[in-house]
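A.B. asks: Below is one structure. I have some questions about it.
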Amino acid sequence: MVSADPSVDALPLIALQGIRRSYGGGADGAPAVEVLRGVSLRIHAGEFVAIVGASGSGKSTLMNLLGCLDRPSAGSYHFQGQDVATMDADALAWLRREAFGFVFQGYHLIASASAQENVEMPAIYAGMPEGPRAERAAALLTRLGLGERLGHRPSQLSGGQQQRVSIARALMNGGRILLADEPTGALDSHSGAEVMRLLHTLADAGHTIILITHDRAVAAQARRVIEISDGEIVADSAPESPKIQDKSASGAHWVSASSYQKYSEGGGPRRAFWGEMREALRTAWRGMRLNRVRTGLTLLGIVIGVASVIVMLAVGEGAQQRVVAQMGTLGTTLMYLGGRAPPSGGPAGVITPEDLQAIAQLPEVGHVMPIIGDPITVRYGNADRQVYVFASSHVMPEVHHWKLQQGRYFTDAEDRSLAPLVVLGSQARAHFFPGAQSPLGKFLLIGNSPFEVIGVMAERGSDSGAQSYDDMVFIPYQGGRARVYQAQTQPDYTVVTAASVALVQAAEAAVHRLLLSRHGREDFGISNAAAKLQAEAETRRAMTLMLGLIAAVSLLVGGIGVMNVMLMTVRERTREIGIRMATGARQRDILRQFLTEALLVTLVGGVAGVVIGVGVGAALIAAGVPVVFSLSFMAGAFACAVATGLVFGYMPARHAARLDPVTALGST
Ligand code: ADP
Ligand code: MG
């Protein structure tokens with residue numbers, strides 16, 4: 001931009017041409033109010049300008065425009081010859097960060113941060129490393145007479161001191177142009193005079209100062225006074241100011257910004273990223289500490305969610321693995337066969353020994369094991385007890401995948417010769433032969449017949465639903481029918497095994513076909529243990545899924561809690577967001593700040609949830625509940641929590657980032 005007047009510096013720092021700013025007139029029906037009505041103004045580097053006017057004349061509006069916090073409705077604004085209208089939000093943030101320093105009537109310090117942290121803030125967004133940043137902030141504060149107050153919160157400082165902190169903040173990134181809106185308005189006359197002296201010193205050192213005030217006496221101290229009334233400039237003591245020595249160009253600032261420049265030029269964006277990240281974390285942590293109760297309650301939602309996901313899935317997995325284990329011991333090849341009244345009516349069929357022999361001939365069939373069993377009084381010495389006496393063939397251990405602990409099982413030959421032999425379940429053994437005494441060779445009285453003990457089965461544990469096999473005694477089928485179950489005309493039921501797991505369905509169909517042709521009608525029933533167990537496994541899987549879903553829902557509720565708290569936080573800290581934006585934070589800095597806070601809550605909640613979930617699981621294991629932990633569940637639950645934080649934190653964070661700086665600053 002070239003001036004027509006050769007006596008004027010070729011390139012003004014700030015050039016406004018026909019600036020207008022109106023409010024309202026939007027969709028809400030409020031009438032449009034034009035606050036600035038064509039302001040044209042040039043300010044050169046190094047000037048000390050006062051803009052004076054009555055309250056409501058549009059001074060603050062003008063300052064917000066000058067400081068790139070706001071955009072004009074019409075007119076042009078050139079900063080160092082560049083049209084500000086062409087700059088995007090990030091470029092404007094850069095300008096605010098690099099060129100401007102704001103000093104407000106209400107100080108606008110962040111209440112939860114110390115004086116030093118407040119001063120450091122603009123440098124954080126400029127990417128200055130921690131060490132030099134702290135040093136510079138402390139030096140500035142010391143220079144302004146606050147060396148003893150570095151760690152004080154704004155509430156612990158007087159008005160004059162707070163205003164000095166905000167001036168230090170404005171100088172932190174160099175402060176080439178200081179925009180001071182009624183800086184003395186809230187101060188007593190002594191502190192006000194002190195601040196004015198400070199502004200003079202800064203002006204002498206080459207800073208460009210734009211002072212806004214309604215007080216003519218204050219304005220008179222500036223070197224150039226511009227009077228504004230009703231949104232128009234009505235007087236200007238030096239409309240085309242003479243060429244002014246721009247000391248700022250020679251780097252003769254009151255406080256050198258060279259240390260800062262060194263980093264902003266040489267320091268990689270990576271360094272800045274980690275610095276900002278650390279700052280975001282620190283602020284997030286401080287926020288969490290300050291709102292302990294609220295944070296705790298939010299955390300609780302996440303903790304419960306994560307812990308319940310882990311516990312539910314571990315319990316479900318435990319139950320499922322137990323079913324699978326049972327399928328292993330019970331065998332997945334078992335079928336149960338018995339007489340049953342046909343659906344068409346009539347008596348139940350009888351499964352004869354000839355039927356069984358014919359079934360055993362089928363190629364798909366492995367073993368055929370008829371069974372008779374009833375509770376019968378069993379006696380040894382003077383101990384007697386109702387025991388389930390299980391009469392079946394010699395293949396029982398094989399069919400049930402069951403080993404002997406001691407002695408042996410009876411043979412096919414012994415079965416056929418009606419030998420009176422008995423094998424004990426481990427609990428039956430413990431009952432009749434407590435202690436270490438060997439039961440082998442002893443005789444039990446079953447009903448009225450003596451049976452010789454030849455073996456003890458290994459402990460089996462309880463199967464789901466069924467009575468415990470450990471409590472039973474086992475006798476040969478033929479001998480049992482001859483001596484104990486004389487009245488029995490057919491087996492209670494018969495276990496038929498398929499030749500292999502793959503043949504279960506085929507074997508069931510073959511047995512069905514065979515018996516149907518032998519009996520002429522369906523007076524029998526076959527049930528398939530594998531199918532039953534599979535159905536049970538299915539049920540449990542569904543249960544696990546449901547429990548997992550419930551847990552996931554609780555995690556979701558936790559996430560909504562996070563969102564709720566984040567929205568509240570954003571609302572409470574709207575002014576802080578405005579301050580951060582005024583000191584040069586980009587939208588993404590604000591986004592990152594609030595996302596970090598949401599993430600930190602869910603991270604802490606996730607860790608606590610995993611710990612508590614594992615604790616509860618361990619307690620369940622100690623209580624005998626089958627629980628199977630898997631690392632992937634824990635990692636999954638944790639990842640879910642973090643994802644929840646990101647997803648539910650994003651909306652409030654974006655809301656914060658998109659706030660208009662002027663509106664945010666104006667909020668209380
Ligand atoms: P000053 O700082 O000179 O006291 P302002 O620039 O703050 O004046 O405000 C000038 C006028 O603009 C006032 O009448 C005020 O009501 C109006 N105004 C300021 N901000 C807004 C806004 N966001 N919406 C509507 N009117 C506004
Ligand atoms: Mg004002």
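The values are calculated or read from the model by the stated rules, or taken from the named source; none is laboratory data. In this text, all values refer to a predicted model and were calculated from it rather than measured experimentally. Virtual Cβ from ideal backbone geometry, glycine too; neighbours counted across all protein chains shown.
A.B. asks: State whether one or more residues within the stretch 121-139 are touching a Leu at 6+ places or on another chain (Cβ under 7 Å) and closer than 16 Å to Gly101 by Cβ.
C.D. replies: no
A.B. asks: Out of the stretch 578-607, which residues are under 24 Å from Gly296 (Cβ atoms) and surrounded by 21 or more Cβ atoms within 10 Å (Cβ to Cβ)?
C.D. replies: Scanning the stretch 578-607 gives Gln593, Phe594, Leu595, Thr596, Glu597, Ala598, Leu599, Val601, Thr602, Gly605, Gly606.
A.B. asks: If you go through the stretch 19-61, how many residues are within 13 Å of ligand 2 (Cβ to nearest atom) and among the charged types (D, E, K, R)?
C.D. replies: Residues that pass the stated criteria total 1.
A.B. asks: Further question on the same structure: Do we have any residue at all in the stretch 448-467 that's over 28 Å from Gly624 (Cβ atoms) and free of Cβ contacts under 8 Å to residues at least 24 places away in the same chain?
C.D. replies: Checking the stretch 448-467: at least one residue is over 28 Å from Gly624 (Cβ atoms) and free of Cβ contacts under 8 Å to residues at least 24 places away in the same chain.
A.B. asks: A further question follows. Working carefully through the options Ala623, Ala619, find the one that is assigned by TED's automatic domain parsing to the domain that holds Thr569, at pLDDT below 90, over 20 Å from Val570 (Cα atoms) and small (Gly, Ala, Ser).
C.D. replies: Ala623
A.B. asks: Could you pull out the residue among Arg385, Arg322, Arg379 that is at pLDDT below 85 and of a type in the set (D, E, K, R)?
C.D. replies: Result of the check over Arg385, Arg322, Arg379: Arg322.
A.B. asks: How many of the residues making up the stretch 44-71 are hydrophobic (A, V, I, L, M, F, W, C) and either more than 23 Å from Arg580 (Cβ to Cβ) or in contact with a helix residue (DSSP H, G or I) (Cβ under 8 Å, 6 or more places away or on another chain) (or both)?
C.D. replies: Selection size over the stretch 44-71: 9.
A.B. asks: Give the residue, chosen from Gly339, Gly331, that is modelled with pLDDT under 85 and either on the phi > 0 side of the Ramachandran plot or not basic (Lys, Arg) (or both).
C.D. replies: Gly331
A.B. asks: Would you mind finding the one in Gly25, Gly46 that is in a loop (DSSP other than H, G, I, E, B) and under 46 Å from the mean Cα position of the chain (by Cα)?
C.D. replies: Gly25
A.B. asks: Another question, then. Output the residues belonging to the stretch 608-632 that are within 16 Å of the chain's Cα centre (by Cα) and crowded, with 22+ Cβ neighbours inside 10 Å.
C.D. replies: Of everything in the stretch 608-632, those that are within 16 Å of the chain's Cα centre (by Cα) and crowded, with 22+ Cβ neighbours inside 10 Å turn out to be Gly609, Gly613.
A.B. asks: Taking the condition surrounded by fewer than 18 Cβ atoms within 10 Å (Cβ to Cβ), assigned to a helix (DSSP H, G or I) and under 43 Å from the mean Cα position of the chain (by Cα), does Met568 pass?
C.D. replies: yes
A.B. asks: So, in the stretch 179-224, of the ones that are in a helix (DSSP H, G or I) and within 16 Å of ligand 1 (Cβ to nearest atom), which residue ends up nearest to Arg164 (Cα to Cα)?
C.D. replies: That would be Val218.
A.B. asks: Are any of the residues in the stretch 516-529 touching a Leu at 6+ places or on another chain (Cβ under 8 Å) and part of a helix (DSSP H, G or I)?
C.D. replies: For the stretch 516-529, residues touching a Leu at 6+ places or on another chain (Cβ under 8 Å) and part of a helix (DSSP H, G or I): present.
A.B. asks: State which residue is nearest to Asp181 (Cα to Cα) when the search covers only the stretch 62-98 and only residues that are touching a residue at least 60 places away in the same chain (Cβ under 8 Å) and within 16 Å of ligand 2 (Cβ to nearest atom).
C.D. replies: Met63
A.B. asks: Mind checking which residues of the stretch 498-526 are loosely packed, with under 15 Cβ neighbours inside 10 Å, of a type outside the set (A, V, I, L, M, F, W, C) and under 16 Å from Glu364 (Cβ atoms)?
C.D. replies: Ser500, Gln505, Arg513, Ser517
A.B. asks: Ok, one more. Check Ser229 against each of (1) at pLDDT below 90; (2) within 13 Å of ligand 1 (Cβ to nearest atom) and name the one condition it does not meet.
C.D. replies: (1)
A.B. asks: Against the conditions (1) surrounded by fewer than 18 Cβ atoms within 10 Å (Cβ to Cβ); (2) at pLDDT below 85, where does Ala530 fall short? Just the number, please.
C.D. replies: The failed condition is (1).
A.B. asks: Kindly establish whether Ile209 is surrounded by 20 or more Cβ atoms within 10 Å (Cβ to Cβ) and away from ligand 2 (no atom under 16 Å from the Cβ).
C.D. replies: When the stated conditions are applied, Ile209 passes them.
A.B. asks: Would you please name the residue that is modelled with the lowest pLDDT, looking only at residues in the stretch 479-510 that are touching a Leu at 6+ places or on another chain (Cβ under 8 Å) and over 30 Å from Val422 (Cβ atoms)?
C.D. replies: Ala507
A.B. asks: Looking at Ser57, Ser40, Ser73, can you tell me which residue is away from ligand 1 (no atom under 16 Å from the Cβ) and of a type outside the set (Phe, Trp, Tyr)?
C.D. replies: Ser40
A.B. asks: So in the stretch 70-98, with the set limited to residues that are assigned to a loop (DSSP other than H, G, I, E, B) and not polar (S, T, N, Q), which one is farthest from Leu659 (Cα to Cα)?
C.D. replies: For the stretch 70-98, the residue satisfying everything is Gly81.
A.B. asks: Select from the stretch 367-389 the residues that are in contact with a strand residue (DSSP E or B) (Cβ under 7 Å, 6 or more places away or on another chain) and farther than 20 Å from Gln478 by Cα and list them in ascending order.
C.D. replies: Within the stretch 367-389, Arg379, Tyr380, Asp384, Arg385, Gln386 qualify.
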